[in-house]
Amino acid sequence: GPVAETFRVIQGAVTEEYVRSTQGVFQFELSGDGGGTWYIDLKSKGGSAGFGKPPVTADVVMSMSSADFVKMFTDKLNPFTTFMPGNSSIKVDMLTLCLEKML
């Protein structure tokens, strides 16, 4: 589905440079089609992305619909407007800024 395909593309885009410059782990709690727990690890050597819990504790946990997630990563939705009250929830520190740079 679209979520799995988005993570496949993300995995292909992860570089050592992103890992070195970001040093963060993002966990996504997605609802709807293709939902569940997904992650992007930009902290561990080589980085990774995929389904399930991240291999290390997440620095950022985001909850949103799978449709909004796909829109966010296909540049159809600004990541910060996604988290307006009532749309989604987020537990985050400054690493969110790094995620936007990756997008």
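Read-outs: derived from the displayed coordinates by stated rules, not from any lab. Owing to the predicted nature of the structure, the values given are computational and were not obtained by experimental measurement. Ideal geometry is used to build each Cβ from the backbone, glycine not excepted, and the neighbour counts take in all protein chains shown.
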Answer with one residue from 35, 12, 46: the one whose Cα lies farthest towards the positive end of the charge dipole of the range 1-46, charges on Cβ with Lys, Arg +1 and Asp, Glu -1. 46
Can you list residues from other chains, or at least 5 along the same chain, whose modelled amide H is less than 5 Å from the amide H of residue 25? 42, 59, 60
Subtracting the Cα-Cα distance from 0.36 nm times the residue separation, let me have the gained length for residue 4 to residue 75 in nm, one decimal. 23.9 nm
Over the range 17-80, what per residue volume does the convex hull of the Cα atoms give, in whole Å³? 88 Å³
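Can you give the extra length, in nm with one decimal, that the chain gains between residue 11 and residue 57 once fully stretched, where that is 0.36 nm per residue apart less the Cα-Cα distance?
Values: separation 46, 0.36 × 46 = 16.56 nm, distance 1.85 nm.
Full extension of this stretch gives 14.7 nm more.
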Length gained, residue 21-residue 37, 0.36 nm per residue minus C-alpha separation, equals 3.3 nm
